[in-house]
Amino acid sequence: MWIFLIQFFAGALARAPDSRRRLRLSPILAQTDVIGDSDHHRNCYTHEMSHSSPPAALNGPLRGEIAHYRHRNQLALGKTASMCIPLGVVFTSIAAGGAMLYAVAGVCALIALVAAVPLIKNPPAAISASQTEFKDGDFPAVAYWAPLLPIAAPLLASPLADSFPDPSLDPLLQVLLGGLYLGLATALALWSMFSRAYRVGRRRLARILSQDSLDGVTDARLQAVTDHSNVIAALCACGAVDGNEASVGALSKLSGIPVAQIEELLPQLSRLGVINVNQTGALLKPKKWQVSLTEAGIRCMGQLNRLFRL
């Protein structure tokens with residue numbers, strides 16, 4: 001019975017609603033004629049943009065593409081938990097010992113193997129931007145004191161240990177609860193590791209777009225972001241924004257665009273100031289060039305969000 005409960009719980013996590021799974025690749029709409037080259041169009045555009053509400057960090061036409069590349073790059077929490085929870089029960093069963101618990105371990109090992117097949121067939125790209133500098137707001141306040149919890153919690157709870165009765169649980173239930181705890185903790189740790197760079201980049205996006213500034217927003221840059229939205233979305237998905245960098249080779253692996261094609265786009269996007277290309281090293285091959293989305297490119301993303309909501 002407990003085995004079926006574990007399998008049901010793991011399956012429910014794997015089937016949990018995930019917007020990344022439902023979102024399809026949503027290219028930028030081809031309505032670039034709204035962005036005029038005349039002074040009249042520019043003035044009207046700037047007036048309308050300056051009086052509209054601030055955009056969400058990852059909302060608008062690029063959201064579907066960013067979600068698409070995130071799905072290719074990161075581990076889904078539900079799928080990871082459906083594999084890690086049975087594995088946790090395997091370890092706790094073997095540690096407890098006993099013929100019945102060894103049988104439970106065998107069944108859970110088979111469940112974990114079946115759950116691991118999709119991850120083995122379609123492994124994540126696991127591309128993470130390198131964080132060259134730390135800025136205010138990159139991490140929430142809880143990230144600074146959470147590492148102290150494993151040390152502080154036992155010390156705070158020890159005076160209260162005698163106040164609670166010693167619970168006596170069935171050995172099988174102890175094994176299942178221990179495996180559940182171990183599996184969930186491992187799944188959360190893996191998910192956090194694979195999504196850390198994206199979460200830092202998302203906070204930088206939100207901070208820049210919350211300023212509601214038009215500094216650096218031009219028609220040429222808006223057109224470049226529109227035409228090359230796949231490259232921009234891939235940079236956002238791996239967290240390569242506002243100083244954090246990803247190599248051209250990693251960007252090619254994530255986006256599926258050949259390195260030679262990305263290499264052709266870099267001079268134009270860099271000249272416009274949409275991206276920053278770090279070519280440090282005279283003998284550095286283009287595949288190892290480091291790319292980052294600039295503040296101007298991020299603001300152009302925000303203005304496109306507003307433009308397509310008008």
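The values are calculated or read from the model by the stated rules, or taken from the named source; none is laboratory data. From a predicted model like this one, the values you see are computed outputs, not experimental measurements. Methodologically, a virtual Cβ is constructed for each residue, glycine included, from the backbone with ideal geometry; neighbour enumeration extends over all protein chains shown. These area figures cover heavy atoms from the full protein model, side chains too; ligands, DNA and RNA do not enter into them. Shrake-Rupley method; radii C 1.70, N 1.55, O 1.52, S 1.80 Å.
Just a few scattered comments:
- In terms of overall dimensions, the C-alpha atoms belonging to the stretch 215-260 reach 30, 21, 16 Å along their principal axes, ordered largest to smallest.
- Accessible surface for the stretch 185-310, divided over its residues, is 40 Å² per residue with a 1.4 Å probe.
- Loop chymotrypsin sites (Phe, Trp or Tyr not before Pro), the stretch 60-148 (other Cβ atoms within 10 Å of the site Cβ: 16 or fewer; DSSP): Phe134
- Measuring nothing but how far apart in sequence close Cα pairs (under 8 Å, 6+ apart) lie, relative to its length, the stretch 82-236 scores a relative contact order of 38 percent.
- Arg299, Arg196, reordered so the largest accessible area comes first (probe 1.4 Å): Arg196, Arg299
- Derived from the Cα gyration tensor, the three semi-axes of the equivalent ellipsoid of the stretch 67-135 are 33, 15, 8 Å, largest first.
- With one equal scatterer per alpha carbon and no solvent term, the Debye-computed log10 I(q)/I(0) for the stretch 132-252 at 0.09, 0.13, 0.17, 0.18 1/Å reads -0.49, -0.77, -1.05, -1.13.
- Length gained when the stretch Ala109-Ala146 is fully extended (0.36 nm per residue, less Cα-Cα span): 10.1 nm
- Net charge of the neighbourhood of Ile275, taken over other residues with C-beta under 12 Å away and scored Lys/Arg +1, Asp/Glu -1, is -1.
- Formal net charge of residues neighbouring Pro140 (Cβ-Cβ distance under 10 Å; K, R +1; D, E -1): +1
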